[in-house]
1. With each pseudo-label sitting 7 Å past Cα toward Cβ, what's the A:Ser86-B:Lys101 distance in nm, one decimal?
2. What number do you get for segment A:25-117 when its Cα radius of gyration is normalised by 2.2 N^0.38 Å, N = residues?
3. What is the magnitude of the charge dipole of the protein assembly as shown about its Cα centre, with +1 placed on the Cβ of each Lys and Arg, -1 on the Cβ of each Asp and Glu, and no other charges, expressed in debye to the nearest 20?
4. Would you work out the charge dipole size for chain B about its Cα centre, treating the Cβ of every Lys and Arg as +1 and the Cβ of every Asp and Glu as -1, and quote it to the nearest 20 debye?
5. Note down the nm distance, to one decimal, between modelled labels 7 Å out along Cα→Cβ at B:Asn67 and at B:Gln2.
6. Considering the dipole of chain A built from charges on the beta carbon (Lys and Arg +1, Asp and Glu -1) around the Cα centre, which of A:Met15, A:Pro69, A:Leu106 is farthest to its positive end?
7. Output needed: Cys residues of chain A lacking any neighbouring Cys C-beta below 4.7 Å, sorted by number.
8. Alpha carbon centre of segment A:1-52 versus segment B:77-92: separation in Å?
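No value in this document is a laboratory result; all are computed from the given coordinates. Only a predicted model underlies this, so the values are computations on that prediction, with no experimental measurement involved. Cβ: placed from backbone, ideal geometry, glycine included. Neighbour counts: every protein chain shown.
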Amino acid sequence: ETGVTQTPRHLVMGMTNKKSLKCEQHLGHNAMYWYKQSAKKPLELMFVYNFKEQTENNSVPSRFSPECPNSSHLFLHLHTLQPEDSALYLCASSHFIGSLANTGELFFGEGSRLTVL
Amino acid sequence: AQTVTQSQPEMSVQEAETVTLSCTYDTSESDYYLFWYKQPPSRQMILVIRQEAYKQQNATENRFSVNFQKAAKSFSLKISDSQLGDAAMYFCAYRSSGTYKYIFGTGTRLKVLA
């Protein structure tokens, strides 16, 4: 089983829909991240959770709502999105910073390709 | 605020040749980490190589090596003996010590020509 799994891989939604992206990691990590990847732009950090607590919220619009019920699962709830929100959403995980196992490496999922009509 | 700049949107290299991808960054901090990540088409982004800022020695991983110039805030990636499987987007990234905030560049698309 792959280390970081994201579902669905592809999602098309209307601007009035509500949907969720799911991320699951099987690496024993305690930090999980959501990134937005748009063409020709740097990866944008959206949220970071460490031991289920949100440590970073990078001024993300409230139409994106994260949820981290435990260290292995991360969700991104989507509602009333705009066409400019269409992008590849990447989930990543890592050891927490104080861990001796932390090498700084992020482990990414394959991403969820979101299209907002 | 820290920034990472990759000035080459696209590069090409002949198979078996060597290519260097450029990255510059801006920070006022002295303790940080730098990374190169590879994202093959429709596949997961994976770590290629990492460098701790306090280490003067350049990191190497098999065919991949970096040229870390701390004073110039430059962090280039050299790929030797390029292979078809090296074709991908390459992202340079920065992380301050003690934070979870990784900052990425815009990426360089590497094409490997047979």
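1. For A:Ser86 paired with B:Lys101, the spin-label model returns 3.1 nm.
2. The reported ratio for this selection is 1.08.
3. Numbers: 22 positive and 20 negative charges, 73 e Å.
About 360 debye.
4. Here the size comes out at about 200 debye.
5. 2.3 nm
6. After comparing all options, I get A:Met15.
7. For chain A, the answer is A:Cys68, because their Cβ atoms have no other cysteine Cβ under 4.7 Å.
8. So the separation of the two Cα centres works out to 25 Å.
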